[in-house]
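Here's the structure, in structure tokens; my notes come after.
The values are calculated or read from the model by the stated rules, or taken from the named source; none is laboratory data. This is a predicted model, so every value here is computed, not measured. Note that we place each Cβ from the backbone using ideal geometry, even for glycine, and neighbour counts take in every protein chain shown. What goes into the accessible areas is simple: the full protein's heavy atoms, side chains included, and nothing from ligands, DNA or RNA. Shrake-Rupley method; radii C 1.70, N 1.55, O 1.52, S 1.80 Å.
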Amino acid sequence: PKKEKAPKPPKEKKPKKEKPPKEVDKTPPLPKKPVILIWVMAISLFVLIYIAPGLVSYSFAVSNAKSLSDNGEYAEAYKELFGITIKEKDMELYNQVATLAPADSELHAYEVFLKNNWQLEALDSLICAAGRCELNEDNADLYACAGQMQVLKSEITNKLRDKYGM
């Protein structure tokens, strides 16, 4: 047979605590003009800290890339533009530099290998540079930098002919 459970005694209700009446806030509201000025100053500070450096660094990178490209240092100019979001007005410069940089970087590698007296690696870099010129020749015509590509190509072929008889 099942055991009968003993009835539980009813719980005693606790008396409710009386809350003290809320005190009425008698302080005057903040004046609107200083609050608005503080918000304007905070937003200006935010813009100055977070947005302005991005704009300044972008224009600095593009101007550096432009001057490097004008001096024929296409690989360095590409390094300046690499990793930033290019605006539409600067896309022509980026395309030109991206077309010329592969051959230029191989030409720089050739010079470094030659300084270290690594003849085989220097020849390999020079041949790779000639291949990069051939590979990007159509892009050079498309991006209006065929003249610069021709200068690079003639420099590479002159070095191949003079140094290696190729």
Counting only helical runs of four or more DSSP H residues, what would the 222 nm mean residue ellipticity of the chain come to if each run contributes -39,500 (n - 2.57) and the total is spread over all its residues? -21500 deg cm²/dmol
Order 113-125, 132-144 from most to least packed using the mean count of other Cβ atoms within 10 Å. 132-144, 113-125
Take the Cβ-Cβ distance between VAL112 and ILE43 as r, set R0 to 41 Å, and report the resulting FRET efficiency rounded to the nearest 0.05. 0.25
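Can you give me the accessible area per residue for the chain, using a 1.4 Å probe, in Å²?
81 Å²
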Counting only protein heavy atoms and using a 1.4 Å probe, what share of the accessible area of the range 64-161 belongs to carbon plus sulfur, as a whole percent? 52 percent
Work out how much length ASP162 to LEU30 would gain on full extension: take 0.36 nm times their residue separation and subtract the Cα-Cα distance, in nm to one decimal. 39.2 nm
Count the lysine pairs in the range 28-166 whose Cα atoms sit under 25 Å apart, keeping only pairs 8 or more residues apart in sequence or on different chains. 12
In whole angstrom, largest first, the equivalent ellipsoid semi-axes that the Cα gyration tensor gives for the chain are 74, 31, 14
Counting other Cβ atoms within 10 Å, which trypsin sites (Lys or Arg not before Pro) in the range 62-108 have at most 15 and lie in a DSSP loop? LYS87
